[in-house]
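Novice: Got a structure for you, questions after.
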Amino acid sequence: MPSHAIKVENLSKRYRIGFEQQRKDSLAEVIFDWFSKPIKNYRRLRNLTQFDQQLEDSQDIIWALKDINFTIHPGEVIGVIGNNGAGKSTLLKVLSRITYPTNGKVELNGRVSSLLEVGTGFHPELTGRENVYLNGTILGMTKKEIDRKFDEIVGFSGVSKFIDTPVKFYSSGMRVRLAFSVAAHLEPEILLIDEVLSVGDAAFQRKSLGKMEEVSKRGRTVLFVSHNMGAIRSLCTRGILLKDGQLAMDGDVDQVINAYLTGNEVSAEGKVIFSEQDIPDDNEFGILSVELLTLTGEVKSAFQIDEGFEIHIKYKIIEPVKNQRINLRFITSLGETVFATYEDAQIREGFIREPGTYKAICQIPPNLLNNLTYRIRIGFDSPGYKVLIPGKEYLGVDIVDTSEGYRYADGAFDGPIRPKAEWSVEDISS
Amino acid sequence: MTATNVDHQLIIIDPDDKKNKLINWQEIWQYRDLFFFLVWRDIKTRYAQSVLGVGWAIIQPVFSMIVFTIIFGNLARVDSEGVPYAIFSFTALVPWTFFSSSLTSASGSLINSKNLLTKIYFPRLVIPLSPVIGKLIDFGISLLILIGLMFWYGVIPTIWTLMIPVFIIVMMLTAAGAGMWLTALSIQYRDIRYGAEFFIQLLMYGSPVIYATSIIPEKYQIIYALNPMVGVIEGFRAALLGTRAMPWNLIGIGSLMAIAFFLSGALYFRSMERYFADVA
């Protein structure tokens, strides 16, 4: 057996992002633009694949990965964590050969499968059976392999009754279950997984996590990207932390998770502060910032399950508003609302909030949310009058459980919430 | 450790693409089941939820033939070299319809498979090649109708009918070669896709579909034959209808062009392949 399954040396990936649009102020400029546009467009499109030397430092180039080095031994299960935009997905895409590195080298020893999404290539007009074959071959299985595992795949998915029905008649949950079952039956030596476990209902997530654990125990090398710290913790032995395209930490998974949760790494994610131009507003109203804070006033984006936290919303009122209220929702990664809460205590007939700058604080009690990732949607309205700012998801929050007591639970419990219920058992046999 | 894996693979990813093979047939062979299922998906879903289903594969060339026969055969009286205009034009429409429809769908194939390109690795060449294979089904169906028409008009094919497989290969190489060019260009420059659809329609007039090559002045025929479909269509007519001698010069030039299209298309496709996911 080779000494390494994956070896990454000085890996860098450069992307060119879109050019900024220039504003046209006169009709002459607009007309000139029509004629000059094709040439400009051509340059812009051509530059997507060409990096001229003199443009090397131009603003539209970003380094999604910069000088990454690590070696993974066969059988290791690695969790890759980091904020959005840290380069996790790019790293996975380079390792999966979807996109190519700008510099550096990767060596992969063994058969590789990557799961960046479940159900890639599913076609709604084809039946479940046909999609299993199509998706399976897309993932790199041979027809023979699928023939052999077909019953197991269908059995695992729990949709055997509808296997000859076109997938367009499936519920989204059924589709995901079937797709995941195909993926779960891959037998690669190296498995690369991106956040796919965030799909499906909790029971199915648990089952999938169990399946993954089984895979990793069979000596497979697994590289696993997730925001779900509970899942990373229960599956992985080693963690890799990425920050701004660079390797920030590589080591024991508990240490890396702690560094991610406590370090400054997350402070940028636990808050949104709008600059003057992009304040979500209408003429009389605007949101200034939204922040997540611990009870001690520290900005974070990930909280322990038994830790309460606060959401601070700053906003400004330019014209007096009647019956202004805030509505806030917690939404799961599936898009289900877990609960909604309203700032409406002062609302009564004729209540008016005067112009000024305000800060609203919403306290979320401990032991309420499950160890999942939630999105926070915030909207402003005047019930009975108008919507001031339509609800929008501004922030994500990770609830994590790193306590020893729950080690036997694979990831999250069933259901969107996890309140701490009091239990007692007494012996009543006598 | 003593255990050695028989089908052990070492994959090296680096920015250098010079050492890659022009076409990695071995890898395509590994992914042959995917190739098969993609071809089969296209066939199966193309006419899904339609009443006539595969009947549409017949309607297109048959209705073109009817319209051409009325306009060019009966009204404009285009010379059909001694055979009924209907069969004269249909013999050309069978290869032409294959060529235009497989090239059109090959040139849009990468854009349509954007979702696959950005999510999973597989030999990218499978994408433009699979419609070229898939449209052979439609081609086969229209070939059967052509045989029916030949019976109806009592046309007896020549011995050169044995050459038909060669013409099919030339036409597939051309469609695949031009398809690789167009689809690799159009994933970066979307104009190419719109332009290609239009250009392919116009190209029908640059091929001997509604008229015979004999109306082209002798000295321009060599240039005309740079379009490989000229040799293919005239070859079909010479073999099946016997209206003319086998045009070896046209077929020779066309075949060389087809090979040039295919090789240059594969070369360009390979050089752009690594950017597909980034520009898709």
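The values are calculated or read from the model by the stated rules, or taken from the named source; none is laboratory data. Only a predicted model underlies this, so the values are computations on that prediction, with no experimental measurement involved. So basically every Cβ, Gly included, is an ideal-geometry build from the backbone, and we count neighbours across all protein chains shown. Side chains included, ligands, DNA and RNA excluded: accessible areas come from the protein's heavy atoms. Shrake-Rupley method; radii C 1.70, N 1.55, O 1.52, S 1.80 Å.
Novice: Looking at A:134, A:178, A:95, which is the one that is in the same structural domain as residue A:194 (by TED's automatic domain parsing) and open to solvent by less than 20 Å² (accessible area, probe 1.4 Å)?
Specialist: After ruling out the rest, the residue left standing is A:95.
Novice: So which of A:152, A:187 is at pLDDT 85 or above and either part of a loop (DSSP other than H, G, I, E, B) or more than 14 Å from chain B (Cβ to nearest Cβ) (or both)?
Specialist: Residue meeting the stated conditions: A:152.
Novice: How many residues, within the range A:63-93, are over 12 Å from residue A:247 (Cα atoms) and either assigned to a helix (DSSP H, G or I) or within 7 Å of chain B (Cβ to nearest Cβ) (or both)?
Specialist: Residues flagged as over 12 Å from residue A:247 (Cα atoms) and either assigned to a helix (DSSP H, G or I) or within 7 Å of chain B (Cβ to nearest Cβ) (or both) within the range A:63-93 amount to 4.
Novice: Would you confirm whether any residue within the range A:11-26 is loosely packed, with under 11 Cβ neighbours inside 10 Å, modelled with pLDDT of 70 or more, outside the structural domain of residue A:91 (by TED's automatic domain parsing) and not in a loop (DSSP other than H, G, I, E, B)?
Specialist: no
Novice: Taking the range A:94-136, which residues are facing chain B (nearest Cβ under 7 Å) and under 19 Å from the mean Cα position of the chain (by Cα)?
Specialist: Scanning the range A:94-136 gives A:94, A:96, A:114, A:116, A:117, A:120.
Novice: Exactly one of (1) touching a residue at least 12 places away in the same chain (Cβ under 8 Å); (2) away from chain B (no Cβ under 14 Å) is unmet by residue A:139. Its number?
Specialist: Here residue A:139 meets the rest and fails (2).
Novice: Here's another thing I want to ask about it. Give the residues of the range B:105-125 that are buried (at least 21 other Cβ atoms within 10 Å of the Cβ) and assigned to a helix (DSSP H, G or I), sorted by residue number.
Specialist: Within the range B:105-125, B:105, B:106, B:107, B:109, B:110, B:116, B:117 meet the criteria.
Novice: Let me ask something additional. Can you work out which of the residues in the range A:300-314 that are at pLDDT 90 or above and over 14 Å from residue A:366 (Cβ atoms) is farthest from the chain's Cα centre (by Cα)?
Specialist: If we take residues in the range A:300-314 being at pLDDT 90 or above and over 14 Å from residue A:366 (Cβ atoms), then A:314 is farthest from the chain's Cα centre (by Cα).
Novice: Here's a follow-up. For residue A:311, indicate whether it is assigned to a strand (DSSP E or B) and over 18 Å from residue A:387 (Cβ atoms).
Specialist: So residue A:311 fits the description; yes.
Novice: I'd like to verify a number: residues in the range B:152-161 that are more than 15 Å from residue B:85 (Cα to Cα) and outside any loop (DSSP other than H, G, I, E, B), how many?
Specialist: Number of matching residues: 3.
Novice: List the residue pairs whose Cβ atoms are under 6 Å apart, where the first residue sits in the range A:350-367 and is more than 17 Å from residue A:304 (Cα to Cα), the second is of a type in the set (Ser, Thr, Tyr) and surrounded by 10 or more Cβ atoms within 10 Å (Cβ to Cβ), and the two are 6 or more positions apart or on different chains.
Specialist: Filtered contacts from the range A:350-367: A:358/A:315.
Novice: Go through the range B:57-80 and give me each residue that's open to solvent by 80 Å² or more (accessible area, probe 1.4 Å) and over 18 Å from residue B:201 (Cβ atoms).
Specialist: Passing the criteria: B:70, B:74, B:75, B:77, B:79.
Novice: Within the range A:63-92, how many residues turn out to be at pLDDT below 85 and either crowded, with 19+ Cβ neighbours inside 10 Å or not assigned by TED's automatic domain parsing to the domain that holds residue A:250 (or both)?
Specialist: 3
Novice: Taking into account only those residues within the range B:16-46 that are open to solvent by less than 50 Å² (accessible area, probe 1.4 Å) and modelled with pLDDT under 80, which is nearest to the other protein chains (Cβ to nearest Cβ)?
Specialist: Ranking the candidates gives B:17 first.
Novice: Give me the helices (runs of 4 or more DSSP H) completely within the range B:162-280, filtered to those with at least 2 residues that are in contact with a Ser or Thr (Cβ under 6 Å, 6 or more places away or on another chain) and within 14 Å of another protein chain (Cβ to nearest Cβ), ordered by residue number.
Specialist: B:191-203, B:276-279
Novice: Pull up the range B:126-159, narrow it to residues that are open to solvent by less than 20 Å² (accessible area, probe 1.4 Å) and not hydrophobic (A, V, I, L, M, F, W, C), then point me to the one that is nearest to residue A:134 (Cα to Cα).
Specialist: Ranking the qualifying residues of the range B:126-159, first place goes to B:130.
Novice: Scan the range B:197-215 and give yes if some residue there is closer than 23 Å to residue B:134 by Cβ, of a type outside the set (Val, Ile, Thr) and open to solvent by less than 30 Å² (accessible area, probe 1.4 Å), otherwise no.
Specialist: yes
Novice: Check off (1) in contact with a strand residue (DSSP E or B) (Cβ under 9 Å, 6 or more places away or on another chain); (2) at pLDDT 95 or above for residue B:95 and give me the number that stays unchecked.
Specialist: Residue B:95 satisfies all of (1) in contact with a strand residue (DSSP E or B) (Cβ under 9 Å, 6 or more places away or on another chain); (2) at pLDDT 95 or above except (1).
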